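What follows draws every value from the coordinates through simple rules; no lab data is involved. This one's a predicted model, so the numbers in the text were calculated from it and none came from an experiment. So basically every Cβ, Gly included, is an ideal-geometry build from the backbone, and we count neighbours across all protein chains shown.
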Amino acid sequence: MNMCPTKREAVETSSSNFLHPETECLSCDFVSAVMSRYTRRSQDQLRADRDECLDDVELDNTEPSSQSYERMNILILSGLHISRPGPEGSLKGLFSNVTELYLRHNLFISWEDVATITSQLPRLDLLDMTGNRLKLSQLRTLHSQPQITRPASTTCHDRLSRRHPNVHAQKNGPKNFRRKEDTLNPSVQAVPKWSGNVWKIPSRVDSLPLFILFGLPPLPVWSLHSVFPFQFITRLVLGDMCYTWLDVLVCSTLSPQLTELYCTNNSITKIDSPTFDNFSHLQVLDLSNNNITCWEQVNNLGRLSSLRYLNLQGCSLQDITFPDCCIGGKSEFFRRLSRLNISDNSIRSWQHVAELDKQPALRELRLMRNPLDEGKKQDYIREMIIVNVGSIIKLNGSHLDLTFISRSGPNIPIKVSVPDTMSILRVRSLSRKLFNTGTQLPRVSYISTKMLGKEIALDDDLSDLHFFSVENEDTIVVHS
């Protein structure tokens with residue numbers, strides 16, 4: 001597990017916004033990298049790009065046209081030593097249909113530079129910044145402070161006037177700028193106000209324009225996307241960046257519509273309950289390979305109303321607990337969670353595994369390489385998991401597809417994944433759990449898809465399903 005505290009401290013305490021001179025010489029800008037990778041490409045190279053994940057873009061060995069660029073929807077620029085955006089506006093209009101941008105393992109250190117790039121990609125939906133050491137000091141300060149001040153000698157108006165001398169018709173400077181918000185859509189009019197050399201910050205951080213988040217001089221609002229360069233991103237990858245959970249929360253304020261967030265291999269040990277509305281749409285959260293250890297921290301995510309998939313693989317978790325309800329009840333945590341990965345942890349007790357039965361929507365579970373496995377056969381492990389977590393229909397990525405029905409209660413079919421080596425005694429125990437038949441183990445039989453209408457008793461507890469020739473798609477009949 002890469003906690004990388006030394007690198008993190010180096011990134012956060014550095015007083016310079018520039019790379020080391022030797023690294024700077026080896027780095028390149030984004031525009032140069034794009035032109036180098038996607039111009040004058042041979043047909044073999046283009047085929048390799050398409051195999052990697054580019055759309056079918058027909059380019060020859062001559063300078064490609066803007067129409068060729070417009071057909072691309074994925075840019076893969078990983079590991080190319082990119083550290084800066086390049087000439088301003090160089091890509092605007094060229095990659096108008098790009099929806100996915102992969103900048104993994106480059107040399108970016110400033111989110112401002114990333115914003116300059118994304119502002120030129122109006123349809124961008126996925127951004128992958130894995131392995132970049134992007135500083136968050138300015139964003140973190142904003143996260144905890146109600147307002148931002150600037151020295152009077154370097155006011156936003158001074159810099160704006162030097163860059164755009166015709167923007168302000170009068171001399172009262174930034175007071176004119178605050179009326180620019182009137183041109184915005186009403187849904188984004190909650191912009192900060194400039195007063196007394198101070199930006200008055202609204203209560204919702206996720207409504208802040210980018211120039212506030214990054215400490216930039218304010219610019220005229222020419223388009224919504226130029227002010228909110230991350231607003232349309234719904235999938236964000238922040239792997240291997242030495243971020244804490246607070247860092248992740250700060251980054252999330254840039255993209256209020258996130259549905260998928262990947263934060264694998266970071267420095268997350270403590271998880272505070274999200275305090276912003278940015279996670280209201282979040283369906284997928286990957287926190288794998290972080291040293292979380294305690295399930296109490298995981299439960300702080302339990303109120304995320306849209307979360308469907310949670311990946312906690314390799315997090316050194318030692319327990320699972322939902323203290324808000326007793327055994328047999330259903331927890332209020334993770335009400336919509338249907339997929340969970342907790343492989344490669346330190347879970348030792350079947351009592352903790354049984355806690356997962358409190359999850360009302362859980363259907364798919366990955367639970368491998370935990371101390372539960374020590375000295376036990378895999379078939380036994382699978383049976384125990386299925387018995388303890390009766391709601392799952394897919395275990396460790398494989399289906400065994402049996403349908404359970406009850407003759408005594410409501411005739412509701414329940415699909416369950418089980419190994420064909422599961423003993424009949426275990427099948428009866430599972431049936432009692434599925435249909436709540438009380439203290440007595442129910443009798444069971446099965447109906448084969450090859451002999452419809454004929455019910456065969458499963459009357460030997462020590463034999464397994466394979467002994468009775470039970471096959472996929474067969475039906476287990478439960479008699480209480």
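The figures follow:
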read-out: Assigned charges on the beta-carbon of Lys, Arg, Asp, Glu; the range 365-442 dipole about Cα centre (debye); value: 140 debye
read-out: For Ser480, net neighbour charge (Lys/Arg +1, Asp/Glu -1) across residues whose Cβ lies under 9 Å away; value: +3
read-out: Peptide ranges 247-259, 295-307, 443-455 listed from the most packed, as the mean C-beta count within 10 angstrom indicates; value: 247-259, 295-307, 443-455
read-out: Extension gain, Asn97 back to Lys270 (0.36 nm per residue minus Cα-Cα distance, nm); value: 58.4 nm
read-out: Mean-position separation - Cα centroids, the range 280-305 and the range 348-397, in angstrom; value: 19 Å
read-out: Neighbourhood charge, 15 Å Cβ-Cβ cut-off, centred on Asp464 and excluding it, Lys, Arg +1 and Asp, Glu -1; value: -4
read-out: Violating pairs (Cα-Cα greater than 21 angstrom) within the set Lys376/Lys433; Lys415/Lys450; Lys376/Lys415; value: Lys376/Lys433; Lys376/Lys415
read-out: Burial ranking of peptide ranges 341-352, 326-337, 416-427 (average Cβ count within 10 Å, highest at the top); value: 416-427, 341-352, 326-337
read-out: Three-way shape call for the range 399-479 based on the alpha-carbon gyration tensor, with the a/c threshold at 1.5; value: rounded
read-out: Net length gained if the chain between Asn300 and Lys454 were fully extended (0.36 nm per residue, minus Cα distance); value: 50.4 nm
read-out: Relative packing of 373-379, 229-235, which averages over residues the other C-beta atoms within 10 Å, highest first; value: 229-235, 373-379
